[in-house]
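Structure first, commentary second.
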Amino acid sequence: MSRFENLEFGEAKRGPLKPGADGTPIRSAGYFLEQAEKLYLAGDFELALRNYSRALEQNPAEYEGWFGQVRMLIELGEYEEALLWADKALELYPEHPDLLASKSVASGRAGNPEKAMAYTDNALSQKGGTPYVWLARAEALLERGSATAAHCVSNAVAAGNATPRVELEAGRTLLRAGHCAPALQYLRKAATLLPQSALAWLELGRCQAALGFPETAMTLSQCLTLRPHWQPARAALERFQRRGLLSRVQSFLRRPRKG
Amino acid sequence: MPGQAACFRCGSLLEAKPGALEVHPPRAPAWKKPFRWVARRMRHYEAFRAAERLAQGAANRTAASPFGRLGVPGLSRPADKLPWGELRLALRDAAVALLLSIVPGLSQALRRQFGAIRRYVVSWFLSLVMGILFFGQSLGAASMACVYVLHAWIATDAVIATKRFKQKMTAFESISLRLGGIALLVLLLYAAYGQVQRAMGFTAGLAGVTVPVDRVAMGDVILCRFLTAGQEPLPIKRGDLALVRVPNVLYGYGENGLHGHGENALYGHGERRAGGGYLGETVGQLIALPGDQLVVTPKGFVLNGRALDVVKFPVPASLNWESATLTLGKDEYFVTMEWRALEEEAHGGLGAGGRVVTVRVAALDCVYPGQDVLARGVMRWSPIWRRGFLKELE
């Protein structure tokens with residue numbers, strides 16, 4: 001015991017314990033961003049959005065929070081709100097390529113391909129092509145049926161140093177456009193590198209189901225193990241199990257051919 | 001850049017300002033989502049995208065709308081961008097277009113909008129032809145109604161299509177102006193076309209008499225020329241067809257004079273008086289002029305002691321079973337028509353209380369004052385295969 005142990009130094013000494021000292025997590029912006037990311041990978045976009053908002057409550061200057069909110073609004077299908085919120089974020093971060101890219105994605109999914117292309121042009125003209133910018137470009141091009149979309153996806157993966165998260169997004173972008181075969185490799189990699197992500201397993205399962213692969217049931221079961229009673233996974237599994245002859249033929253035709 | 005609130009190069013936020021920013025994004029109501037889904041699907045079609053662009057353009061123009069500038073309540077929000085000079089020019093253009101549209105399609109023709117002329121003016125012209133062809137009939141009336149509406153449509157179209165007005169109007173204002181303008185113009189045009197018809201001096205009526213020598217049967221449409229009101233005697237000859245306004249009259253029969261029209265109809269034997277108003281207009285044959293002495297017999301009319309040709313001057317059914325003598329007074333005309341006589345027969349040929357209707361009473365029904373003789377028949381108009389000018393029988 002130190003001889004200075006009982007000396008009085010004011011209230012500060014007897015204040016609350018330092019965060020984390022008692023094992024409770026630090027409720028900082030970083031903590032909420034981390035939670036939001038985890039929830040996103042679990043496929044719970046609603047809760048992820050709330051966590052991004054809480055991160056911004058802690059620190060409104062946290063760019064990841066604004067961008068995450070816009071992305072979650074897009075995932076939830078609220079494109080008009082996403083555009084509105086991206087505009088608000090652009091007031092704080094003018095001409096940010098990721099925010100412009102998110103506006104491109106929202107516009108494209110809302111059924112305005114011309115606007116989507118314009119936004120993605122603007123985003124690419126800014127400095128620093130982030131993976132999200134390239135993926136937004138790929139999505140806009142896929143909407144138009146352009147063959148250069150695959151090149152944009154490759155650029156995105158390269159720009160993101162082939163991180164599992166970027167692989168997952170690349171796979172999702174391709175799958176959304178119905179390009180199941182190229183999406184499969186990205187999603188397989190994502191599921192391998194992010195084995196705890198229910199979203200990665202779901203997307204992989206959907207891709208496999210579209211191609212009619214028998215391992216679909218196992219993939220989706222894995223997803224349900226990670227997140228039991230998840231409605232999209234259950235629906236996908238049921239749909240796969242009840243698929244008819246026509247669906248099987250279509251899946252067979254979609255499969256990649258050797259050589 | 002320590003100490004800076006924002007990046008001096010790009011303006012990015014560098015310093016947190018808690019409470020100054022709203023960090024919770026807006027959310028879409030659940031009920032909107034299905035509609036948005038449908039809209040997203042519909043955006044695959046160019047027509048829907050065009051409609052959206054139109055709506056967006058209309059919303060953008062609302063601020064500069066003439067109605068907004070005029071401050072019409074409930075029509076649009078007020079605007080402050082449109083200068084009065086521009087508004088005045090827009091309204092002037094609209095007024096000129098409205099004036100030009102008195103001749104349907106003239107405004108469009110001057111602006112080289114030949115598409116509008118093809119669509120609307122040709123329809124208007126065809127409706128007018130139909131209206132004239134079937135003048136005096138239901139089909140003709142319906143065609144003329146189409147003419148009014150199409151003319152009103154062309155006029156509002158001319159106003160809306162003026163460049164300055166069109167650029168400033170919202171879709172809602174355009175529709176409001178169209179509907180309101182048409183409603184107003186149809187009323188104006190109805191009066192205007194009526195005046196034109198009156199000025200031309202022609203009208204039409206359904207024949208209530210059969211005149212074999214003129215090839216006129218009951219129900220035929222007779223084109224008539226208006227007589228000058230107040231002229232005495234009227235420029236009409238015996239044997240001519242005449243459009244008369246049939247007054248609603250009440251009769252009293254028998255000593256008590258009670259009639260089925262009500263207990264208040266207490267008259268002397270064979271008397272009549274106006275029951276108020278008119279039953280309608282019909283075309284009959286003029287037999288006698290003011291001052292003539294007429295004897296009605298089952299075999300024909302005897303006018304001033306001279307028997308009239310029964311082929312040219314047929315006797316209606318209700319007058320050919322008894323004789324009666326009448327002397328027409330000043331400004332009284334004897335016009336026969338079958339339906340009027342038949343109406344009397346429909347009363348049973350008997351008055352109320354079982355008393356016999358005399359021919360004299362029925363004949364009194366054929367006497368019309370000069371003010372009720374409106375027009376002289378000049379032409380068989382319908383049916384088409386009997387179309388032709390009427391002969392002068394005297």
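Structure summary
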read-out: Selection within region A:74-110 - facing another protein chain (nearest Cβ under 10 Å), among the hydrophobic types (A, V, I, L, M, F, W, C) and more than 17 Å from A:Gln126 (Cβ to Cβ); value: A:Leu76, A:Ala82, A:Leu84, A:Trp85, A:Ala110
read-out: Any hit, region B:273-289, residues being at pLDDT 90 or above and open to solvent by 30 Å² or more (accessible area, probe 1.4 Å); value: yes
read-out: Set B:Ala191, B:Ala158: member being under 26 Å from B:Thr282 (Cα atoms) and in a helix (DSSP H, G or I); value: B:Ala191
read-out: Odd one out for A:Leu47, checked against (1) more than 10 Å from chain B (Cβ to nearest Cβ); (2) crowded, with 22+ Cβ neighbours inside 10 Å; (3) hydrophobic (A, V, I, L, M, F, W, C); (4) under 19 Å from B:Glu22 (Cα atoms); value: (2)
read-out: Residue identified as surrounded by 14 or more Cβ atoms within 10 Å (Cβ to Cβ), within 21 Å of the chain's Cα centre (by Cα), among the small types (Gly, Ala, Ser) and modelled with pLDDT under 85 among B:Gly194, B:Gly136, B:Gly140; value: B:Gly136
read-out: So A:Arg71, is it within 14 Å of another protein chain (Cβ to nearest Cβ), of a type in the set (Lys, Arg) and closer than 24 Å to A:Leu184 by Cα; value: yes
read-out: Search result, residues across region B:26-58 that are open to solvent by less than 50 Å² (accessible area, probe 1.4 Å) and modelled with pLDDT under 75; value: B:Arg49, B:Ala50, B:Gly57, B:Ala58
read-out: Residue selected from region A:10-32 under the condition in a helix (DSSP H, G or I) and over 30 Å from A:Arg234 (Cβ atoms), by the criterion modelled with the highest pLDDT; value: A:Tyr31
read-out: Which numbered condition B:Leu206 misses (of (1) modelled with pLDDT of 80 or more; (2) part of a helix (DSSP H, G or I)); value: (2)
read-out: Scan of region A:50-68 for residues that are at the interface with chain B (Cβ under 10 Å from one of its Cβ atoms) and among the aromatic types (Phe, Trp, Tyr), ordered by number; value: A:Tyr52, A:Tyr63, A:Trp66
read-out: All helices (runs of 4 or more DSSP H) inside region A:203-259 with 1 or more residues being modelled with pLDDT under 90, open to solvent by less than 70 Å² (accessible area, probe 1.4 Å) and over 21 Å from A:Glu167 (Cα atoms); value: A:231-241, A:245-254
read-out: B:Ala16 touching a strand residue (DSSP E or B) at 6+ places or on another chain (Cβ under 7 Å) and either modelled with pLDDT under 85 or more than 7 Å from chain A (Cβ to nearest Cβ) (or both); value: no
read-out: Members of region B:92-108 found to be of a type in the set (A, V, I, L, M) and either touching a His at 6+ places or on another chain (Cβ under 7 Å) or more than 9 Å from B:Val159 (Cα to Cα) (or both), listed by number; value: B:Leu99, B:Leu100, B:Ile102, B:Val103, B:Leu106
read-out: Unique residue being of a type in the set (A, V, I, L, M) and open to solvent by 10 Å² or more (accessible area, probe 1.4 Å) when the list is A:Leu99, A:Leu56, A:Leu90; value: A:Leu90
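The values are calculated or read from the model by the stated rules, or taken from the named source; none is laboratory data. Bear in mind the structure is a predicted one, so any value in this text is a computation, not a measurement. Note that each Cβ is placed from the backbone with ideal geometry, even for glycine, and that neighbours are counted across all protein chains shown. For accessibility, only protein heavy atoms count, side chains too; no ligands or nucleic acids. Shrake-Rupley method; radii C 1.70, N 1.55, O 1.52, S 1.80 Å.
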